[in-house]
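Have a look at the structure below, then the notes.
The values are calculated or read from the model by the stated rules, or taken from the named source; none is laboratory data. Worth saying up front: this structure is predicted, and the values here are computed from it rather than measured. When we count neighbours, we look across all protein chains shown, and the Cβ atoms used for this are built from the backbone with ideal geometry, even at glycine. Note: areas computed on protein heavy atoms with side chains; ligands, DNA, RNA excluded. Shrake-Rupley method; radii C 1.70, N 1.55, O 1.52, S 1.80 Å.
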Amino acid sequence: MGDIIYLVERSLTMLKHDLIKRNPLRLLDSEGSRILGEGEFGGVVARAGVGKTAFLVQVAMDSLLNGKNVLHISLDQPVKKVCLWYEEVFNSITEEYNFKNGNTLWEEILLHRFIMTFKSGDFNIEILEERLNDLIEQGIFFPQVCLVDGLKFDETVREILNELKLLAKDQGFPCWFSIKSHRDEPKVESGFPVSLAQVEDLFDVVFELAPSTNEIEIRVLKDKAGRFKDPGDRVVLDPSTFLMKKSD
């Protein structure tokens, strides 16, 4: 019986290793899986419906497979909808690579994910910190990676981001954000949409999703001293699944 359990655990470990190794994030990042350090901010900017949430969920999935605890904060979607995003991305990944034992792995990584929702107008860092402290002090959950999906980048966002950066540094986790742009929104000289340019200095890494006829290109708007590889290994989102993949 002990040998059987050992083989199952070894199989799961190999499955996770393979999924991590094959993740197209490896093509974007030349230094391994940890794109952001503690207290650092990363963003993905695109128009509505282009794949920002799918991108974030794949970043989260990579962290979950690496055994990290992921806090997903949603400001415009209920828990059920966020869960569905994770299920669809996970199922697409396992189908893409024809992996077996997906159910066992799914149950394992769910233990490392916590979804927290806010009404958009009610989100503030004081309440977030209170809710986090409740979870941490009871030993329920401590985040190692944080995702914020749906935050409005308006004239009030700098204050929120400044407070969240202090919290992220104090708690020791990086934060990823979805950033909604608009079709006719002007860009500054550096290529950032105006709404993001006002707080660009707070971000360490920013990707842009740029849709074309057959794919959604992932462009690097900001990186950390040339960390990301040359676009010879161009990474895109497949518009049919929103999965990252190497461009043909």
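What the table below lists for this structure:
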| item | result |
| --- | --- |
| Boolean, L12 is modelled with pLDDT under 95 and of a type in the set (A, V, I, L, M) | yes |
| Candidates F142, F114 - the one that is part of a strand (DSSP E or B), open to solvent by 50 Å² or more (accessible area, probe 1.4 Å) and either closer than 19 Å to S74 by Cα or in contact with a Ser or Thr (Cβ under 6 Å, 6 or more places away or on another chain) (or both) | F114 |
| Residue match in segment 48-64 (condition: out of contact with any His (no Cβ under 8 Å at 6 or more places or on another chain), assigned to a helix (DSSP H, G or I) and open to solvent by 30 Å² or more (accessible area, probe 1.4 Å)) | no |
| Selection from segment 133-151 of residues that are out of contact with any Asp or Glu (no Cβ under 7 Å at 6 or more places or on another chain) and either small (G, A, S) or touching a residue at least 60 places away in the same chain (Cβ under 8 Å) (or both) | G139, F141, F142, P143, Q144, V145, C146, L147, V148, D149, L151 |
| Residue match in segment 226-235 (condition: open to solvent by less than 40 Å² (accessible area, probe 1.4 Å) and either under 29 Å from T117 (Cα atoms) or polar (S, T, N, Q) (or both)) | no |
| Verdict on V70 being among the hydrophobic types (A, V, I, L, M, F, W, C) and closer than 13 Å to W176 by Cβ | yes |
| Selected residue (only one of E96, E163 is surrounded by 11 or more Cβ atoms within 10 Å (Cβ to Cβ), farther than 15 Å from L202 by Cβ, charged (D, E, K, R) and more than 19 Å from the chain's Cα centre (by Cα)) | E96 |
| Complete set of residues in segment 26-43 that are modelled with pLDDT under 75 and either on the phi > 0 side of the Ramachandran plot or not polar (S, T, N, Q) (or both) | R26, L27, L28, D29, E31, G32, R34 |
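Rundown of residues vs (1) open to solvent by less than 70 Å² (accessible area, probe 1.4 Å); (2) touching a residue at least 24 places away in the same chain (Cβ under 8 Å); (3) part of a helix (DSSP H, G or I), yes/no style:
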{"position": "E108", "(1), (2), (3)": "yes, yes, yes"}
{"position": "L128", "(1), (2), (3)": "yes, yes, yes"}
{"position": "R131", "(1), (2), (3)": "no, no, yes"}
{"position": "D154", "(1), (2), (3)": "yes, yes, no"}
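Conditions tested, residue by residue: (1) farther than 24 Å from L167 by Cβ; (2) in a strand (DSSP E or B); (3) touching a Phe, Trp or Tyr at 6+ places or on another chain (Cβ under 9 Å); (4) free of Cβ contacts under 8 Å to residues at least 24 places away in the same chain.
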position	(1), (2), (3), (4)
I20	yes, no, no, no
G39	no, no, yes, no
K80	yes, no, no, yes
N103	yes, no, no, yes
